[in-house]
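Worksheet: one structure, shown below.
Throughout, read-outs are computed from the coordinates displayed, never taken from laboratory work. This is a predicted model, so every value here is computed, not measured. Counting neighbours? That spans all protein chains shown, and the Cβs are built from the backbone with ideal geometry, glycine included.
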Amino acid sequence: MKHRHTSLWVVLAGASLPAAIALAGPLGLPPVPVPANNPMTPEKIALGSQLFNDKRFSATGEVACATCHDAGKAFTDSPLKTSEGINKLTGTRNAPTVVNAAYFASQFWDGRSADLEDQSQHPFVNPVEMGLKDHEPILKIVRSDPTYVAGFKQSFGVEPAAITMDHVKKAIASFERTLVAGDSPFDRWYFGGDKTAMSEAAVRGFKVFLEDGRCVSCHTIEQDHALFTDNRFHNIGAGINRIQDKVPEIAPKFLEAKAKGVDVDKAVLSDPNSSELGRFAVTDGLDELGSFKTPTLRNVAVTAPYMHDGSVKTLRDVVVHYNNGGVTNKGERVNDFLSGGIRELNLDEQQISDLVAFMEALTSPQHATPAQAASAGGQQ
Amino acid sequence: MKTKIIRHSLAAVVGAAIALGSAGARADEFTKQEAERWEAQFMQVVQKGRELWTSPALGKNGVVCAQCHPNAANSHPETYPKFQKQIGKVITLPEMINWCIRNPLEGQPLAVDSPEMTALVAYATYERRGVKLEPGKH
Amino acid sequence: MSNHYTRRSFLKTAGTVAAVSTLPVTLVEIAFAKPQDNFTFAYISDSHIQHIRAGKFVNNWDRGLIRAVAETNLMTPKPDFVMFGGDLAQLGTKAELDHGAGMLAKLNAPLKTVMGEHDYYLDLGEYWSKLFGPQYYSFDHKGVHFVVLNSILTHDEWTFNRWPTAEQRMNEMAGLDNPNGSPFMVGEKQRDWLAKDLAKVAKDTPVVVFSHSPIQKIYKGWNFWTDDAEQVQALLKPFDKANVVYGHVHQIQYNQIGNIAFNSVMATAWPWPYPSTYAQAETYLPKLTIPMNRADPFFERDATGWQMINVNTGRVDLAYNLYNNRSRTVAFDHKRGHPADTQFQDVALEPNRAHY
């Protein structure tokens, strides 16, 4: 079956290119937003890839961005629940995929970074990730290693001594902007007009997605593209349920610590209770207590486990959580700060499994497992 | 000879028209009584729409349209069809009414061409009469 | 959108606005004019707990009240008291009032209440009074005289003679836009009581009136109306600083009439469109009001909320905590002499999100 593959790599491999590349989105996605102050060039992208994969930028020399964002695992560390940094130290958050992260209006589960550039600097200096004290070791390496020196010169026209973290961040972000993937069975069925691209179960599941499942309001689709995220923050009862009785104690204590200068990035990754405060920890907004960013659903079938804390194992478990109205087990107490969009859904077994089938149809060909690649094209 | 026959046929046709309705009426001509009669029939449907607008039988949780949309305010019938973010595509007013029946009212959607849906649309647009059309406006 | 309770925003708005805070006071440098004169209380209103059958209630309204109570309980320092602004129930049944009272019982500050029409017209407030006490009363707190009115009464003819059953009477009053309804009023008996009550109060004592109906005439078709508004306003006229806080309208409104500042409170249940959006009627919206943004119907808490009220040197400032929506602060602007939105009074809010 012919795939309509508008992959970025095809564009890059083309003949003579202008200095900067404009990125058309793949099928189902809009053009990739590129900031004016960081135009994409082949050199910058290659440099960013090198930085992304470099283990030397960690206290033990063993952890790179690619450690938790592995290209062979759709740029996650599935099936890890929460990521492991240096010395296998774990934090509190599940590594989100970098694929299509370029379309987010903010980065991290709680949106504490405004863009890819800003996000890239934090893991280096987080004690449970790369564990560096500051960015100096990185700058030392990029200013002396010959391939880096050449790369930065070609990308930014900058001499070694003048290389700063700003350049490093820009290069990494440029590389990440090439990690976009659409062209899933759903895209081909819905935008591409191929009525055989999705299985019957997935087609039924799409109806559940739009209607009884109430998914589309947060996991948005539009007339000509689908990001599957509204870029907003919602409390859906993942994680916060565990600490809901402690919230009156934890929330004021956290704000107190923050007023005294505690770094949010370090606090939320190291303290499992503070971590559950979600977006509130970043904005102090009461209506964002326990709220996390709506992730994209693209490639969700290959990026288990789910939720910001990796606490939900399978897609079926996810649907059941929503079906229960924001609790893992039916009848558990719903937390007081639950988003207004969440409530019991009364889906039956057929609808649940169809919805799962639909989500499995959101995997892009380049990230599909061999089993999925075989069944893509809708033989069920 | 031919013209005579034709004249006779015309007369027959005209006669039939008189028997059915306004004398000598052509195309979409109608009398004042007809207009009043049809408008009254429309208003009956509007009245039915008002009853449904306040009826707990539309959904399953007792909530009625009028609770959030008194006199159909904030329903914006003049802006449809439009992109509706809660549904992810461009839709018509009846589809949005069904969204409301499913979601805040927790009920079952109506067939888009059913008398009930027609009545709801008639009521909402009647309460909005005089407002200029702005299809697509969010 | 959310309030940003950062130190910086406190300092910027200090002195004129409710400090909606979860920080201990010692960490925040607030420069109030005479700090000992200022105090805060929370206001939760219009929860419309609605019974479906047996043990089932409308989940949407339940969640609104639950959330408001939970958030009020997070406030540090604790509010002096919590006012409930009326319409606890939807149809005034014992089941609804009990269900709502159970949620309010979780508040960790003292509760006082105002009655709404949805609480009243089934049994004329008999069960309400058992749960919450008198339907109208006054009290003094930290130098301010507070009055609570039952301002949702109506003509005796409608209340006692018009309807064959109490249930039908309640159902008719429950429809906001129901042409069979009847205008709200305070009534002669309470006005007489109010006159006597206020006679004992010095004219320079700040007076705050809690009422369900607006003590103004805004739009009769939706009973955003108090028929004897002028007479009640006349009773408040002699006071230097009079304030009316009212519920019922499920939207942000504020106004100044003479010496009296008017402020509405939000509902926890659902928001209403502004009467000016009803194309077939002439309506009057208090012209000072910068309307709130309209809500996304998918997010059930959008444009619902509760408020923290700061009584600051005798005038009320309200911080509206609205979910998903742009939170607002309406404070008494001493220079202008009337309530004003601290951010948006002179700029359009977000025209593309306004009600129309």
Practice problem: Can you grab the distance from the C-alpha centre of segment C:218-233 to the C-alpha centre of segment C:107-174, Å, no decimals? | Solution: 17
Self-check item: Karplus-derived HN-Hα couplings along segment A:38-50 (A = 6.51, B = -1.76, C = 1.60, θ = phi - 60°), whole Hz, x at Gly and Pro
Solution: 8, x, 8, 9, x, 5, 5, 5, 4, 4, x, 5, 5
Self-check item: Vicinal HN-Hα couplings computed from phi for segment C:257-266 (Karplus, 6.51 cos²θ - 1.76 cosθ + 1.60; Hz; Gly/Pro x)
Solution: 10, x, 8, 9, 9, 10, 9, 8, 10, 7
Quiz item: Given H placed 1.01 Å from N in the peptide plane, which residues other than close sequence neighbours of C:Phe57 have an amide H under 5 Å from its amide H?
Solution: C:Ile52
Exercise. In nm, give the distance between the simple-model label positions of C:Asn352 and B:Asp113, each being 7 Å from the Cα along the Cα-to-Cβ direction.
Key: 3.7
Practice problem: Could you check which residue among C:Phe41, C:Phe262, C:Phe160 shows the biggest mean-square fluctuation in a GNM of chain C with a 10 Å Cα cutoff? | Solution: C:Phe160
Exercise. Over the whole of B:85-96, what's the average partner chain Cβ count within 10 Å per residue? Rounded to a whole number, please.
Key: 4
Quiz item: Quick one: B:His138, C:His51, fewest Cβ neighbours within 10 Å first, how do they rank?
Solution: B:His138, C:His51
Exercise. Provide the net charge surrounding A:Lys293, with neighbours chosen by a C-beta distance below 9 Å and charges set as Lys +1, Arg +1, Asp -1, Glu -1.
Key: +1
Self-check item: GNM result for chain A, Cα springs below 10 Å: residue of A:Pro160, A:Pro123, A:Pro146 fluctuating most strongly
Solution: A:Pro146
Practice problem: Indicate the gyration tensor shape class of chain C (rounded, prolate or oblate), computed on the Cα atoms with a ≥ b ≥ c the square roots of the eigenvalues: a/c under 1.5 is rounded; otherwise a/b larger than b/c is prolate and the rest oblate. | Solution: rounded
Practice problem: Scan around C:Trp306 for amide H atoms under 5 Å from its own, H built in the peptide plane at 1.01 Å from N, and keep only partners 5 or more places away or cross-chain. | Solution: C:Asn321
Quiz item: Check C:His250: other-chain or 5+ apart residues with amide H under 5 Å from its amide H, H built from backbone geometry?
Solution: C:Ala267
Quiz item: Pick from C:Gly92, C:Gly100, C:Gly175: which residue has the top mean-square fluctuation in a GNM of chain C where Cα pairs under 10 Å get a spring?
Solution: C:Gly175
Quiz item: Each residue of segment A:61-66 in order: what ³J(HN,Hα) in whole Hz does its phi give by Karplus 6.51 cos²θ - 1.76 cosθ + 1.60, θ = phi - 60°, with x for Gly and Pro?
Solution: x, 10, 10, 10, 4, 5
Exercise. For peptide A:284-295, compute the average count of partner chain beta-carbon atoms within 10 Å of each residue's beta-carbon.
Key: 5
Quiz item: Excluding C:His51 itself, what net charge comes from residues whose Cβ is under 13 Å from its Cβ, given Lys and Arg +1 and Asp and Glu -1?
Solution: -1
Practice problem: Would you mind checking segment A:23-39 for residues with the amide N under 17 Å from a putative spin-label position 7 Å along Cα→C-beta of A:Asp118? | Solution: A:34-38
Quiz item: With labels modelled as points extended 7 Å from the Cα through the Cβ direction, what inter-label distance (nm, one decimal) is found for B:Lys132 paired with C:Glu282?
Solution: 2.4
Quiz item: Is there a simple number for the mean count of other chain Cβ atoms within 10 Å of the Cβ of residues in C:297-304, and what is it?
Solution: 6
Practice problem: Sort A:Asp317, C:Asp156 so the one with the fewest other Cβ atoms within 10 Å of its own Cβ comes first. | Solution: C:Asp156, A:Asp317
Quiz item: Can you give me the Cα centroid spacing of segment A:106-145 and segment A:270-287 in angstrom?
Solution: 21
Exercise. Extending each Cα 7 Å along its Cβ direction at C:Phe139 and B:Asp28, get the distance between those two points in nm, one decimal.
Key: 6.7
Self-check item: Sorted by Cβ neighbour density within 10 Å, fewest at the top, the residues C:Met185, B:Met43
Solution: B:Met43, C:Met185
Quiz item: For segment C:97-218, what's the relative contact order in percent, using C-alpha pairs closer than 8 Å and at least 6 residues apart?
Solution: 32
Exercise. Please work out how much length the chain gains when fully extended from C:Ile52 to C:Gln343, using 0.36 nm per residue of separation minus the C-alpha to C-alpha distance, in nm with one decimal.
Key: 100.7 nm
